[in-house]
Amino acid sequence: MRILSLLALLFLAQPALADVASFKTQAPIAYLVDAHSGVVLLDKASAKRIPTASMAKMMTAYVAFEAIRAGKLDRKATFTMRPATWAKWNNRGSSMFLRSGQQVSVENLLHGILTLSGNDASVVLAEGISGSEKAFTDEMNATAERLGMKDSRFGTANGWPDRGGTYSTARDLGVLAKRIIEDHPDLFHEFFNQPSFRWNNISQPNRNPLLGAVEGADGMKTGHSNEAGYCLVGTAQRGPRRLIMVVAGLPSMQSRVDEARGMMRWGFDNWQEKPLFNPGQTVTRVPVQLGTGDVVQAVTPHRISMLGLRGDPGAPRLKVRYAAPVKAPLHKGDRIGQLTVYYPDGLRQDFPLVAANDIAAANFFQRAWNGLRSLWSSGA
């Protein structure tokens, strides 16, 4: 493994600012992460297992979004509120107020789940997709495993308390939120940030305290139960920056409002992003063997930025690793190495490096010529 050390990229000189105090939260569970860089701005017991309450409905929506994208679920298809399901969930907790025997489209059920937090809508969608809520939760758990949500389990489609059968962590819920946004951006924007929804002549507001109150807020999902307290997975985007937050275990709806708004504003106002590399920018040049060219430019396929508290003069240390020798043929976009960013506070992040262009395998005469050139250039 070859390792190249790069000069640290220093911030432009700027006046020193006073130290920015960490956000003080009364929430027993709090997590704030920069979605693009993965830098965690605030972490308070993010790995502790917690009841999900209605935040579980994010996974219900993700499973439905996956089925829609795969062509297995038509968003215009209608499902029926079964009499037994109505008897169990009619006006039980948050509700879409579906009627027994009523037919409702998938897209209206999604509005009922994500805007109104309808327990009834969640179960109707689950039964309609998988035949039963149990079969649907099996799909939820398989999806959680695929997404790397190692500390999550779903026993219900709506997050209703089930004696500890449904749980997650703030970190896992942050992973789920990010995947919803990245994997299904159009459906995310359509269903997660509606201020209200009307069904059966009953209009109800979205309970997300960020929407309309914090600049750039566009999701995600509230939750509440006696065992979980008042909870929220929230997100907002300003320019290229998106933050994802999770708070749980708060004692009141007002405390959820205060903590969520304060934390999100703190994340945007007190942290700054400094670009390191733009998409397609050359990071280094890597030697190539047995090819029509003897070097290839290693570029980053994504924007890479450093995130730090405002006024923090720290700069990262950068290293490139690649397995030598890199042999032709190479195709544009082939992964050929890794860029590691070491932050002053000890955080490490890894980013892929890919070939900027194709390099074909050299024939016998081209390899001989390249060998001669190498001898001449070395002064042998």
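Every read-out reported here was derived from the displayed coordinates using simple, explicitly stated rules and does not represent laboratory data. All values derive from a computational prediction rather than experimental measurement. Neighbour counts are summed over all protein chains in view; Cβ atoms, including those assigned to glycine, are modelled from backbone coordinates with ideal geometry.
Worth a mention:
- Relative to the dominant Cα principal axis of the chain, helix 57-69 is inclined by about 60°.
- Amide H contacts for Lys327 (H built 1.01 Å from N in the peptide plane; partners 5 or more residues away or on another chain; cut-off under 5 Å): Gln289.
- Gain on full stretching of the segment that runs from Arg198 to Arg49 - 0.36 nm per residue minus C-alpha separation: 50.2 nm
- When only the Cβ of Lys, Arg, Asp and Glu is charged (+1, +1, -1, -1), the dipole of the chain relative to its Cα centre reaches about 440 debye.
- Value of relative contact order over the chain, rounded to a whole percent, pairs C-alpha under 8 Å and six or more apart: 19
- Within the chain, percent of DSSP bridges classed antiparallel, to nearest 5: 95
- Hz values of 3J(HN,Hα) by residue in region 186-197 - Karplus curve (6.51, -1.76, 1.60), Gly and Pro given as x: 5, 5, 4, 5, 6, 10, 9, 10, 6, x, 6, 8
- In this structure, the residue pairs whose Cα-Cα separation is over 30 Å, taken from Lys48/Lys72; Lys48/Lys221; Lys72/Lys332; Lys221/Lys332, are Lys48/Lys72; Lys72/Lys332; Lys221/Lys332.
- The sum of -39500 (n - 2.57) across all DSSP H runs of n ≥ 4, divided by the residue count of the chain, sets its helix-only mean residue ellipticity at 222 nm to -9000 deg cm²/dmol.
- Linear extension gain, Asp138 paired with Gln349, 0.36 nm per residue minus alpha-carbon span: 72.6 nm
- Compared with the dominant Cα axis of the chain, that is its longest principal axis, helix 364-378 is turned about 70°.
- Label point at Val40 placed 7 Å out along Cα→Cβ; residues across region 226-245 whose backbone nitrogen lies under 15 Å: 244-245
- Applying 1/(1 + (r/R0)^6) with R0 = 51 Å to the Cβ-Cβ distance of Tyr342 and Gln102 gives a FRET efficiency near 0.35.
- Estimated dipole of region 29-250 in Debye, rounded to 20 [Cβ of Lys and Arg +1, of Asp and Glu -1, Cα centre]: 280
- Sorted ascending by nearby beta carbons within 10 Å, beginning with the fewest, Thr235, Thr115, Thr78 become Thr78, Thr115, Thr235.
- Computed from Cα atoms, the angle from the helix 119-130 axis to the main principal axis of the chain rounds to 60 degrees.
- Placing dummy labels 7 Å off each Cα toward the beta-carbon, the span from Arg335 to Arg146 is 1.9 nm.
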